[in-house]
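As structure tokens, the structure follows; a few thoughts come after it.
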């Protein structure tokens, strides 16, 4: 009896010990997993493609819708400040033209309304691109009143997926505006892929070749007659039918051979074909040649003052090896008289270039290159372009340029 009791007690103790060990090894019960709340949905807002700075300064075309010949100066005022969204509403806010042919014109009609309890004055309406021909619009909208905004879109041959906007500026704030938007896909009989030859950065003395393909969208045969445009020693172009394409595709070969000239190299060319719907295909070539001397900026915007003089240009030069920079002279590729002064700032030079002659035309093409003559017979070239917006009353250039605001900015 005693022996049976002893084994019973021992078994009970062992059972308690095992239960303790098992309970101690178990993890505490996990709390039920709760998925984090999804982030709030934010509507994607895309800004229309803005033109380069020199194009932004060109007064917009105005006139009747579809009138591609009108070119009256738009009303640009030298203002500053942060852009603000106007309380005016636009219907529709976006017009999608879908697929359009190059060199076609498409009328646009928007309705602008004032839903507030105060009068709002529309000061101007201007396109973000020369492809938009915007009818003049400047008037006061009383509470609840509406008006029409008419324009036309010109499908440029150089465009593919296009997104542009009309800036309707009001008196609510310095840059208060609404922006009716236009999107279109320009249909091309002939497609150039890629649409330009961009070499990026290339070292002086090196050569590189890019191959592009010009093909018919429907695989119909055509001929490339010639490639015309800028004659530059560094750029060579060739074309040949693509093997196995039965004349529906051609290879365009662009070779860049960088010599001792450094800086930005730009070329504008046109591929001439026998296709009646695509006789001229634009081709741009761009490269930045890195030599011993590095310059900033890579290109200039030359501003014309109201008196006809051109504002001085400032640049900075330094050697890649941080040795002193020596500039023997600065010349203009178009033969314009310039003078340059330099002062050392550590390992770099700060240069100021002045055009000695005034430019009489109010607005026009003043384009060229500044040629920096370096030691050892080497050259550094920096392209420039004139930009001078016009005053709407006097048709004289404004002394201070007025930039349209970037959409989506605070």
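Each value in this text was obtained by applying a stated rule to the coordinates, not by laboratory testing. What you see is a predicted model; the values in this text were computed from it and never measured. Here Cβ is always computed from backbone atoms with ideal geometry, including for glycine, and neighbour counts include all displayed protein chains.
List of remarks:
- Remark: the residue 356-residue 279 segment gains 23.5 nm on full extension, using 0.36 nm per residue and subtracting the alpha carbon distance.
- Net length available on complete extension from residue 337 to residue 373 is 11.5 nm, with 0.36 nm assigned per residue and the Cα-Cα distance removed.
- Among 301, 122, 202, a tally of other beta-carbon atoms within 10 Å of each Cβ gives an order, fewest to most, of 301, 202, 122.
- Mean-position separation - Cα centroids, segment 287-343 and segment 95-123, in angstrom: 43 Å
- Diffusion coefficient of segment 293-387 by Stokes-Einstein, Kirkwood radius over Cα pairs, 25 °C, 0.890 mPa s: 178 µm²/s.
- Using the Cβ-Cβ distance between residue 208 and residue 161 with R0 = 30 Å, the FRET efficiency computed as 1/(1 + (r/R0)^6) comes to roughly 0.60.
- Its convex hull of Cα atoms gives segment 190-290 a direction-averaged projected area, equal to a quarter of the hull surface, of 5.9 nm².
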